[in-house]
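Structure, as structure tokens:
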Amino acid sequence: MGEKTKPSTLLLIVTFIPLFLNAGIFVITEGFNVNPHSSPLIYAIGSLILAAVAVLAAVIGLTMAKDEEPEWGSKLPFKVIEGVNIFSILLSVMFALLVFLVYFLKGA
């Protein structure tokens, strides 16, 4: 009836990396608290670096999902993975904007 393909383990790992990085941003900033207890280097600069790495990993995962998608047969698992990667990109950009607004523009 069609190709019986499943997403590779590497694709699944690359798909979940940005979600864990975004969770790390949330933990480091203590829920985007205005006065977190860690140093500013960690919660301001480190969070932006984590967001950039999360966007990069999500773009790589999206590209891998499009590459592994079969021409025939069920494409649903790959479309779901593509959707999760797009969600991760949007969430990472939103978190980066929140970090920038909360920590860099709080004196304005």
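Taking into account only those residues within the stretch 36-63 that are open to solvent by less than 60 Å² (accessible area, probe 1.4 Å), in a helix (DSSP H, G or I) and of a type in the set (G, A, S), which is nearest to V102 (Cα to Cα)?
A44
Give the stretch 18-27 a look and list any residue that's surrounded by fewer than 18 Cβ atoms within 10 Å (Cβ to Cβ) and of a type in the set (A, V, I, L, M), or say none.
Matches in the stretch 18-27: A23, V27.
Could you grab me the full set of residues in the stretch 64-91 that are more than 21 Å from L10 (Cα to Cα) and in a helix (DSSP H, G or I)?
Listed by number, the residues that qualify are L90, L91.
This table checks each residue for (1) within 30 Å of T5 (Cα to Cα); (2) of a type in the set (G, A, S).
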site	(1), (2)
I45	no, no
G61	yes, yes
L76	yes, no
I81	yes, no
F87	yes, no
V102	no, no
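Picking from G31, G24, which residue would you name as being in a helix (DSSP H, G or I), within 30 Å of L105 (Cα to Cα), at pLDDT 90 or above and not hydrophobic (A, V, I, L, M, F, W, C)? Even if it seems obvious, please write down each step before you answer.
Details: G31 fails: in a helix (DSSP H, G or I).
Just a single option satisfies the conditions, and that option is G24.
Hey, could you check the stretch 92-102 for residues that are buried (at least 19 other Cβ atoms within 10 Å of the Cβ) and not β-branched (V, I, T) and say which is nearest to the chain's Cα centre (by Cα)?
Out of the qualifying residues, it is S92.
Can you pull out every residue in the stretch 64-85 that is surrounded by 15 or more Cβ atoms within 10 Å (Cβ to Cβ) and closer than 29 Å to V27 by Cα?
M64, A65, I81, E82, V84, N85
The values are calculated or read from the model by the stated rules, or taken from the named source; none is laboratory data. Keep in mind that what you see is a predicted model, and the values were worked out from it rather than measured. We place every Cβ from the backbone using ideal geometry, glycine too, and count neighbours over all the protein chains shown. Remember, those area values only see protein heavy atoms, side chains included, never the ligands or the DNA or RNA. Shrake-Rupley method; radii C 1.70, N 1.55, O 1.52, S 1.80 Å.
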